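Worksheet for the structure shown next.
The values are calculated or read from the model by the stated rules, or taken from the named source; none is laboratory data. Model, not experiment: these values are computed from the prediction. Positions of Cβ are backbone-derived with ideal geometry, glycine not excepted, and every protein chain shown enters the neighbour counts. The area values use the complete protein model at the heavy-atom level, side chains included, leaving out ligands, DNA and RNA. Shrake-Rupley method; radii C 1.70, N 1.55, O 1.52, S 1.80 Å.
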Amino acid sequence: QSLALDWLADNQSLATYSQDQILQRFVLATLYYSTNGQSWLRNDAWLSDTSECDWYSSEAEADVCNSDGLLDEIDLDSNNLSGILPWGELAILKSQLVVLDVFGNQLSGSLSSSIGELTSLIALDLERNGFIGSIPREIEQLTNLRHLLL
């Protein structure tokens, strides 16, 4: 978190970003630092001044932001992510995030109860990682979920 805040605070363009962009960039920067982004196979444009809608995504056929510029997909499957997903920060995007796909990485830790806050999720793919522990009961709150791979 502190690395993400420092990165954001040092950004020369910060004053030009909307509140939504600031939050999205904070969440994505936290994800980057929490999962060793410098070691990802692809991290094109991450932590740059380029729109976060144009940062690398494994979803090449669709936009990761909606028509309002809100990030609605995080697709980083098979990209050498390691570490722990920042569930609390991801929950900041609860009203807009519809896809979270981190299939085939080396993520670890447990699934947080914060997963239940991601109520807009339609697709959640956490398969082929090193998660441990039980599935939190809060996953039942994901009533829009149509695709689930654990």
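Summary table below
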{"item": "Residue list for segment 108-138, restricted to those being among the hydrophobic types (A, V, I, L, M, F, W, C) and over 21 Å from Thr35 (Cβ atoms)", "result": "Ile122"}
{"item": "Cross-chain or 6+ apart pairs with Cβ under 6 Å, segment 132-150 first and without any contact (Cβ under 8 Å) to a residue 24 or more places away in the chain, then loosely packed, with under 10 Cβ neighbours inside 10 Å", "result": "none"}
{"item": "Per-region count, segment 1-37, residues β-branched (Val, Ile, Thr) and either open to solvent by 30 Å² or more (accessible area, probe 1.4 Å) or part of a loop (DSSP other than H, G, I, E, B) (or both)", "result": "3"}
{"item": "Scan of segment 38-56 for residues that are without any contact (Cβ under 8 Å) to a residue 24 or more places away in the chain and either among the β-branched types (Val, Ile, Thr) or open to solvent by less than 10 Å² (accessible area, probe 1.4 Å) (or both), ordered by number", "result": "Thr50"}
{"item": "Among (1) in contact with a strand residue (DSSP E or B) (Cβ under 6 Å, 6 or more places away or on another chain); (2) open to solvent by less than 50 Å² (accessible area, probe 1.4 Å); (3) more than 23 Å from Tyr17 (Cα to Cα) - the single one Glu59 does not satisfy", "result": "(2)"}
